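A.B. asks: Have a look at the structure that comes next, please.
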């Protein structure tokens, strides 16, 4: 579950990297990275699935703790990146008088609070944070939904999965929006799909290693085939299938994703996601591929690899110095919030869950 987040983050990173290179005359990868935007939908599905796994038994007395942990999980890194962007903006403006229309100070407070999807319909400041803002909406509605749905009959959960899966395909075909209420709806559909799938899958016993491996490989093949044949709307559904299979931790793909490097990618995935778009622009402005001594195509490839390495290195540092300490603080404060509510500290979720 952790490792797949890392590969999804790399895919959307590659998508934005390919966009920049293509616009600047260095088309390199094309079909494999162009659909990388769908990783955001995979994140929504994965988030609903994991939170349902960890907080299936959430009660009202634990909601304060749950929301506190969520806030400390996303806001510190978001504010850190936004603060770094503000420093870079001041440097450009004060030294060179450059004004970036996508970085207007009047929108900064809304961006800091992650309220941008509800107030303006364009990308401002750290553009990728729109999905984190939508994720926060999912966190807010999660306690209400899980308390109502965890005891729902199988037929109702199955119907919900069918409806949400159909909506997911429709959104991918016609409405892949990244701002406004359309973006919120997109996030809720994916999150709800992950939640419902988890509630259904937990009713079945873990299959054998062979069966789990087959399902994992079929799901992976479905993702690859969907990308290769340009049937991208089906990628989230095959990804959901893969997530279920990986949750059994019995197949060969789960075994591979258990290696340290895969787990490391998953741990730093949130930092990678929030950092990568701004890093691409900053690295390009300070050291474009044209400064490399190779051929035009090789320059683009080398620059891409260099950018990936820089982002992974910086993300590792921010994960260790920003994400992890704040996540632990959130856990401690969340326990105090719950204790203040019920005058006790019952364990409503595993201490290490995020």
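The values are calculated or read from the model by the stated rules, or taken from the named source; none is laboratory data. Please read these numbers as outputs of a predicted model, since none were measured by experiment. Note: ideal-geometry Cβ built from the backbone for every residue, glycine included; neighbour counts use all protein chains shown.
A.B. asks: Which one is nearest to the chain's Cα centre (by Cα), of the residues in region 201-210 that are surrounded by 14 or more Cβ atoms within 10 Å (Cβ to Cβ) and either at pLDDT 95 or above or assigned to a helix (DSSP H, G or I) (or both)?
C.D. replies: 201
Yes or no, residue by residue, for (1) in a helix (DSSP H, G or I); (2) crowded, with 18+ Cβ neighbours inside 10 Å; (3) modelled with pLDDT under 90; (4) in contact with a helix residue (DSSP H, G or I) (Cβ under 8 Å, 6 or more places away or on another chain):
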position: 182; (1), (2), (3), (4): yes, no, yes, no
position: 187; (1), (2), (3), (4): yes, yes, no, yes
position: 190; (1), (2), (3), (4): yes, yes, no, yes
position: 195; (1), (2), (3), (4): yes, yes, no, yes
position: 212; (1), (2), (3), (4): yes, yes, no, yes
position: 218; (1), (2), (3), (4): yes, no, no, yes
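A.B. asks: Separate question: What do you reckon, is residue 145 over 16 Å from residue 236 (Cα atoms), part of a helix (DSSP H, G or I) and more than 24 Å from the chain's Cα centre (by Cα)?
C.D. replies: no
A.B. asks: All but one of (1) buried (at least 18 other Cβ atoms within 10 Å of the Cβ); (2) within 13 Å of the chain's Cα centre (by Cα) hold for residue 18; which doesn't?
C.D. replies: (2)
A.B. asks: Let me ask something else. Quick check: anything in region 256-272 part of a helix (DSSP H, G or I) and over 22 Å from the mean Cα position of the chain (by Cα)?
C.D. replies: Within region 256-272 (the criterion being part of a helix (DSSP H, G or I) and over 22 Å from the mean Cα position of the chain (by Cα)), the answer is no, since none of the residues qualifies.
Residue by residue, here is whether (1) modelled with pLDDT under 85; (2) closer than 30 Å to residue 7 by Cα; (3) over 20 Å from the mean Cα position of the chain (by Cα); (4) surrounded by 19 or more Cβ atoms within 10 Å (Cβ to Cβ) holds:
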residue	(1), (2), (3), (4)
314	no, yes, no, no
320	no, yes, no, no
326	no, yes, no, yes
345	yes, no, yes, no
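A.B. asks: For residues that are assigned to a loop (DSSP other than H, G, I, E, B) and at pLDDT 85 or above, scanning just region 101-120, find the one that is farthest from residue 70 (Cα to Cα).
C.D. replies: 115
A.B. asks: I need the full set of residues from region 224-240 which are over 23 Å from residue 191 (Cα atoms) and either touching a residue at least 12 places away in the same chain (Cβ under 8 Å) or assigned to a helix (DSSP H, G or I) (or both), in order please.
C.D. replies: Answer for region 224-240, where residues must be over 23 Å from residue 191 (Cα atoms) and either touching a residue at least 12 places away in the same chain (Cβ under 8 Å) or assigned to a helix (DSSP H, G or I) (or both): 225, 228, 230.
A.B. asks: Could you go through region 147-155 and let me know if any residue there is out of contact with any strand residue (DSSP E or B) (no Cβ under 6 Å at 6 or more places or on another chain), buried (at least 16 other Cβ atoms within 10 Å of the Cβ) and modelled with pLDDT of 90 or more.
C.D. replies: Yes, that holds for at least one residue.
A.B. asks: Residues of region 273-315 being in a loop (DSSP other than H, G, I, E, B) and in contact with a helix residue (DSSP H, G or I) (Cβ under 9 Å, 6 or more places away or on another chain), which ones?
C.D. replies: Within region 273-315, 287, 288, 292, 293, 294 qualify.
A.B. asks: Restricting region 136-146 to residues that are touching a residue at least 40 places away in the same chain (Cβ under 8 Å) and under 18 Å from residue 57 (Cβ atoms), which is surrounded by the fewest Cβ atoms within 10 Å (Cβ to Cβ)?
C.D. replies: If we take residues in region 136-146 being touching a residue at least 40 places away in the same chain (Cβ under 8 Å) and under 18 Å from residue 57 (Cβ atoms), then 141 is surrounded by the fewest Cβ atoms within 10 Å (Cβ to Cβ).
A.B. asks: Consider residue 124 against the criteria (1) over 25 Å from residue 269 (Cβ atoms); (2) touching a helix residue (DSSP H, G or I) at 6+ places or on another chain (Cβ under 6 Å); (3) not in a helix (DSSP H, G or I): it satisfies all of them except one. Which criterion is unmet?
C.D. replies: Against the list (1) over 25 Å from residue 269 (Cβ atoms); (2) touching a helix residue (DSSP H, G or I) at 6+ places or on another chain (Cβ under 6 Å); (3) not in a helix (DSSP H, G or I), residue 124 comes up short only on (1).
A.B. asks: With the structure loaded, tell me whether residue 35 is assigned to a helix (DSSP H, G or I), buried (at least 19 other Cβ atoms within 10 Å of the Cβ) and modelled with pLDDT under 95 or whether it fails that test.
C.D. replies: Against the criterion (assigned to a helix (DSSP H, G or I), buried (at least 19 other Cβ atoms within 10 Å of the Cβ) and modelled with pLDDT under 95), residue 35 qualifies.
Yes/no matrix, rows are residues, columns are (1) under 25 Å from residue 45 (Cα atoms); (2) in contact with a helix residue (DSSP H, G or I) (Cβ under 9 Å, 6 or more places away or on another chain); (3) surrounded by fewer than 15 Cβ atoms within 10 Å (Cβ to Cβ):
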{"position": "90", "(1), (2), (3)": "no, no, yes"}
{"position": "117", "(1), (2), (3)": "yes, yes, no"}
{"position": "170", "(1), (2), (3)": "yes, yes, yes"}
{"position": "179", "(1), (2), (3)": "yes, yes, no"}
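A.B. asks: On to the next question. Answer yes if at least one residue in region 47-57 is closer than 25 Å to residue 146 by Cβ, under 12 Å from the mean Cα position of the chain (by Cα), crowded, with 20+ Cβ neighbours inside 10 Å and at pLDDT 95 or above, and no otherwise.
C.D. replies: yes
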